[in-house]
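The values are calculated or read from the model by the stated rules, or taken from the named source; none is laboratory data. From a predicted model like this one, the values you see are computed outputs, not experimental measurements. Methodologically, a virtual Cβ is constructed for each residue, glycine included, from the backbone with ideal geometry; neighbour enumeration extends over all protein chains shown. For accessibility, only protein heavy atoms count, side chains too; no ligands or nucleic acids. Shrake-Rupley method; radii C 1.70, N 1.55, O 1.52, S 1.80 Å.
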Amino acid sequence: MGLKEVFSDYTVSIHYDRRLYRQDIAGSIAHARMLSKQGIISQSDADAIIAGLGDVQEEISSGEFAWKPELEDIHMNIERRLFELIGEPALRLHTARSRNDQVALDVRMYAKEAIEDILAALYDLRWNLVSLAERHPDAPMPGYTHVQRAQPVLAAHHLLAYYEMFSRDSERFRQAYERTDVMPLGSGALAGLPYRIDRQFVADELGFSRISVNSMDAVSDRDFLLDFLSASSICVMHLSRMAEELVLWSSDEFGFVRMPDEYTTGSSIMPQKRNPDFAEIARGKTGRVYGSLIGLLTVLKGLPLTYNRDMQEDKEGFFDTSDTILSTLRIFADLISGLELNVGRMRRTAGESYVLATDIADYLVERGAPFREAYRIVSRLSEYALEKGLGFEELSLEEYRSHSPLFDKDVYAVTVESSIAARDVPGGTSQSRVAKAIAAATSELEEQRGIR
């Protein structure tokens with residue numbers, strides 16, 4: 001490719017902004033209807049434009065449309081083809097608008113649809129997490145801090161932690177939708193328009209809840225994309241955390257879960273392998289989502305008002321992030337629905353590695369020992385048991401009493417089950433609290449069904 005061709009391609013955006021064709025055509029149809037309603041163009045011209053745009057959309061949808069890079073962007077490609085189809089009336093379509101407010105409209109419409117799809121996928125993932133928790137309401141497992149076994153918890157409690165994360169993601173995307181749901185058309189290039197337009201009519205036609213209030217802000221604002229990318233970055237971080245745990249849990253070292261076969265792959269030379277490739281790829285895709293957020297923040301940070309061509313760089317990262325988040329959410333929703341828990345392995349592991357140490361310290365506190373003293377006693381007891389290669393349940397009462405006279409035979413009643421049952425506080429892991437949390441989550445999802 002010669003230097004001249006490189007220069008000519010440098011400003012071209014048609015290879016990615018063609019994805020906006022449905023939104024661009026819908027916006028143009030609403031605009032044409034408004035122009036005729038206001039007497040700015042004739043009804044016959046509006047009818048011709050609307051019919052012609054319908055033909056253009058059919059050509060694009062069927063793959064018959066001939067995209068022309070020399071026309072640079074989607075707006076000029078569609079307008080040129082409309083002129084070829086209907087002639088002179090096509091020249092009236094761009095009355096009372098600019099490509100600046102036109103592209104702002106298209107991207108907002110696309111973002112609204114993307115958010116609706118993401119909310120639906122988040123709903124499915126949240127529902128499947130609650131369903132999995134409901135199938136295993138009493139299964140204990142070790143809870144971890146620093147990737148070290150810490151205290152027993154219910155597996156359902158662990159799963160519901162992710163439900164909370166993804167519920168916050170849903171809230172963030174709904175907030176992003178609200179700030180995206182602003183109709184910018186009618187702002188013109190930057191200063192508004194000298195025509196007697198009806199912006200509210202266009203907003204109603206296109207399903208926007210309100211119109212922008214400042215024309216300069218409307219054409220230069222991409223905060224709504226930053227909202228989307230920020231919500232996506234937090235959401236993909238949550239997905240990555242879950243992916244990491246699934247990778248660990250599916251290993252022989254943990255053995256807590258078995259992933260559905262369709263979400264694992266084999267090795268080219270080791271026939272026994274079941275590699276958690278989907279979870280690993282999801283974990284890896286986190287970086288590209290973060291990159292899109294940082295990229296757009298960097299593009300916007302030094303721009304004077306109003307529109308600048310730098311803002312052409314807003315779309316590729318947005319489109320890529322939208323695709324990445326939606327596909328990953330759909331994959332994880334299906335993966336969780338087919339996830340098998342190894343309840344026996346989880347239960348055995350929950351009773352190992354001295355995870356009841358805190359409960360034994362609490363046992364001493366109940367008998368009058370200050371917590372710090374109880375902590376020191378059980379710390380020494382744990383070291384003693386470790387040296388002997390014994391679990392707490394294998395120590396004799398004499399060995400217990402050699403560390404504190406407060407120990408009695410009822411110390412053996414401290415078990416994984418009693419530890420879990422004791423955490424009967426709001427937000428705790430006891431069976432009763434987790435059952436209430438499952439019921440509350442189910443009720444919340446039922447209320448949100450169809451709303452998303």
- [ ] Among the residues of region 202-249, count how many are farther than 24 Å from ALA32 by Cα and either assigned to a loop (DSSP other than H, G, I, E, B) or at pLDDT below 95 (or both).
- [x] 2
- [ ] Collect the residues in region 214-239 that are under 18 Å from GLN102 (Cβ atoms) and open to solvent by less than 40 Å² (accessible area, probe 1.4 Å), keeping them in residue-number order.
- [x] SER215, ALA218, VAL219, SER220, ASP221, ARG222, PHE224, LEU225
Open item on the list: Residues to consider are LEU406, LEU364, LEU386; find the one that is over 21 Å from HIS158 (Cβ atoms) and in a loop (DSSP other than H, G, I, E, B).
Closed with: LEU406
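Residue by residue, here is whether (1) under 20 Å from MET109 (Cβ atoms); (2) touching a Phe, Trp or Tyr at 6+ places or on another chain (Cβ under 9 Å); (3) of a type in the set (D, E, K, R) holds:
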position: ALA218; (1), (2), (3): yes, no, no
position: LEU225; (1), (2), (3): yes, yes, no
position: SER233; (1), (2), (3): no, yes, no
position: ARG241; (1), (2), (3): no, yes, yes
position: GLU244; (1), (2), (3): no, no, yes
position: ARG258; (1), (2), (3): no, no, yes
Open item on the list: Against the condition assigned to a helix (DSSP H, G or I), farther than 30 Å from ASP252 by Cα and touching a Phe, Trp or Tyr at 6+ places or on another chain (Cβ under 6 Å), how does ALA374 come out, does it pass?
Closed with: no
Task: Subset of region 309-344 (residues that are closer than 15 Å to LEU246 by Cβ and not β-branched (Val, Ile, Thr)) - done: LEU329, PHE332, ALA333, ASP334, LEU335, SER337, GLY338, LEU339, GLU340, LEU341, ASN342
Task: Selection from region 409-448 of residues that are hydroxyl-bearing (Ser, Thr, Tyr) and assigned to a loop (DSSP other than H, G, I, E, B) - done: THR415, THR429, SER430
TODO: Pick out the one residue from ALA139, ALA155, ALA104 that is under 30 Å from MET183 (Cα atoms), in contact with a Leu (Cβ under 9 Å, 6 or more places away or on another chain), surrounded by 18 or more Cβ atoms within 10 Å (Cβ to Cβ) and modelled with pLDDT of 95 or more.
DONE: ALA104
Open item on the list: Test of understanding: among ARG423, ARG433, ARG449, ARG401, which residue is under 30 Å from ASP117 (Cβ atoms) and basic (Lys, Arg)?
Closed with: ARG449
Open item on the list: Against the condition closer than 30 Å to ARG99 by Cα, touching a residue at least 60 places away in the same chain (Cβ under 8 Å) and under 29 Å from the mean Cα position of the chain (by Cα), how does ILE325 come out, does it pass?
Closed with: yes
Task: Boolean, ASN128 is of a type outside the set (D, E, K, R), crowded, with 22+ Cβ neighbours inside 10 Å and either in contact with a strand residue (DSSP E or B) (Cβ under 8 Å, 6 or more places away or on another chain) or not in a loop (DSSP other than H, G, I, E, B) (or both) - done: no
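Within region 371-387, can one find any residue that is open to solvent by 80 Å² or more (accessible area, probe 1.4 Å), of a type outside the set (D, E, K, R) and within 30 Å of ALA161 (Cα to Cα)?
yes
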Task: Residue within region 274-294 that is part of a helix (DSSP H, G or I), open to solvent by less than 20 Å² (accessible area, probe 1.4 Å) and in contact with a strand residue (DSSP E or B) (Cβ under 7 Å, 6 or more places away or on another chain) present - done: no
Task: Residue satisfying condition, being in contact with a Lys or Arg (Cβ under 7 Å, 6 or more places away or on another chain), surrounded by fewer than 16 Cβ atoms within 10 Å (Cβ to Cβ) and of a type in the set (Gly, Ala, Ser), within set GLY207, GLY255, GLY186 - done: GLY255
Open item on the list: Being open to solvent by 10 Å² or more (accessible area, probe 1.4 Å) and modelled with pLDDT under 95: is that true of HIS94 here?
Closed with: no
Task: Among residues of region 68-82, those that are closer than 25 Å to SER187 by Cβ and open to solvent by 70 Å² or more (accessible area, probe 1.4 Å), counted - done: 1
Open item on the list: So ILE40 passes all but one of these: (1) open to solvent by 20 Å² or more (accessible area, probe 1.4 Å); (2) farther than 15 Å from ARG80 by Cα; (3) free of Cβ contacts under 8 Å to residues at least 60 places away in the same chain. Which condition number does it fail?
Closed with: (3)
Task: Scope region 30-73; condition over 25 Å from GLN200 (Cβ atoms), of a type outside the set (Phe, Trp, Tyr) and assigned to a loop (DSSP other than H, G, I, E, B); matching residues - done: GLY63, GLU64, ALA66, LYS68, GLU72, ASP73
Task: Pairs with Cβ under 8 Å, 6+ apart, first in region 366-380 and over 18 Å from VAL355 (Cα atoms), second modelled with pLDDT of 95 or more and open to solvent by less than 90 Å² (accessible area, probe 1.4 Å) - done: ARG367/LEU406; GLY368/LEU406; ALA369/ILE377; ALA369/SER404; ALA369/LEU406; GLU373/LEU364
